[in-house]
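Accompanying notes for the structure given below.
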Amino acid sequence: MKVGESDRLVTLFTRDYGIIRAFASGAKSIKSKKGAATSLLTYSSFTVLKKKDTYKIYEATPIRVFFGAGSDISVLALAQYFCELSGVMVSAGTPDGEFLRLILNSLHFLTKENRFPPLIKAVTELRAAAISGFMPDLVACGGCGKFEDDIMYFDLSGGALYCKDCKPTDIKTEPIDRTILSAMRHIVYSEFQKLYSFTVPNESAKRLSELTGEYIMYQTDNRFAALDFYNSIKE
């Protein structure tokens, strides 16, 4: 956010302090070293001083600039959505290095590796939910314990899994096939270094993305402006 003629108020997602907002004096100036480091979608190193309830950036050095996001409007919308998701799901003043690692890796795969955007969106949303206390229970049917079937049913509000015989009739569930269920289990339960090491057909990735998007909105009770924009232009 621009403040005055040359200053910025910057929202930072930090490893040790969660989400903070800090002033960067002179960041809009062409000669300022803070300009690139405080631009949108930039991973940087900051020296920040706190005075009472105000943070001020004294030094800033860019480490990784995700400029690739700007080449495609739908990719840029998704990248902005990941930022918005962080703002809702990460607490101010609370360390959250795992969530930050997720966002940085997703931005990398989205902008540098050119992975299929709906798949990266689904990975980010479902893993973010798992990290933030909204982990779904995908081990087996919540009624009878059946591991899988050709079609299982996912409870968007409770995060439970059901087979066709145990599917509740009083809550909203969505049918998922074996491919989507396998992908969801991988996203939730795999080690982080293996998180992005899978593929599914593009149509399955699109369906998975729809499910994870709905799940996030159910769990956070929040609508995301960047996600609405992405959904309006993604085709």
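Tabulated data
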read-out: Cβ crowding within 10 Å averaged over residues, with 156-162, 30-36 ranked highest first; value: 156-162, 30-36
read-out: Cross-link partners of residue 51 among aspartates and glutamates (Cα-Cα below 20 Å; sequence separation of 8 or more within a chain); value: 7, 16, 59
read-out: Percent carbon-and-sulfur accessible area, the range 136-222, ignoring ligands, DNA and RNA, probe 1.4 Å; value: 46
read-out: Residue-normalised accessible area of the chain, given per residue in Å² at a 1.4 Å probe; value: 52
read-out: Protection proxy ranking, peptides 9-20, 125-136, average beta carbon neighbours within 10 Å, highest first; value: 125-136, 9-20
read-out: Rg/Rg_ref, the chain, where Rg_ref = 2.2 N^0.38 Å and atoms are Cα; value: 1.12
read-out: Percent RCO, i.e. relative contact order, over the range 75-210, from Cα pairs under 8 Å lying at least 6 residues apart; value: 22
read-out: Euclidean distance between Cα centres, the range 98-133 to the range 38-60, Å; value: 24
read-out: Of 163, 144, 83, the one that fluctuates the most in a GNM where the chain has Cα springs shorter than 10 Å; value: 144
read-out: Highest average packing first - 221-229, 180-188, Cβ atoms within 10 Å; value: 180-188, 221-229
read-out: Percentage of interatomic Cα-Cα distances in the range 109-176 larger than 13 Å; value: 67
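The values are calculated or read from the model by the stated rules, or taken from the named source; none is laboratory data. Because the structure is predicted, anything quoted here is derived from the model rather than measured. Here Cβ is always computed from backbone atoms with ideal geometry, including for glycine, and neighbour counts include all displayed protein chains. The area values use the complete protein model at the heavy-atom level, side chains included, leaving out ligands, DNA and RNA. Shrake-Rupley method; radii C 1.70, N 1.55, O 1.52, S 1.80 Å.
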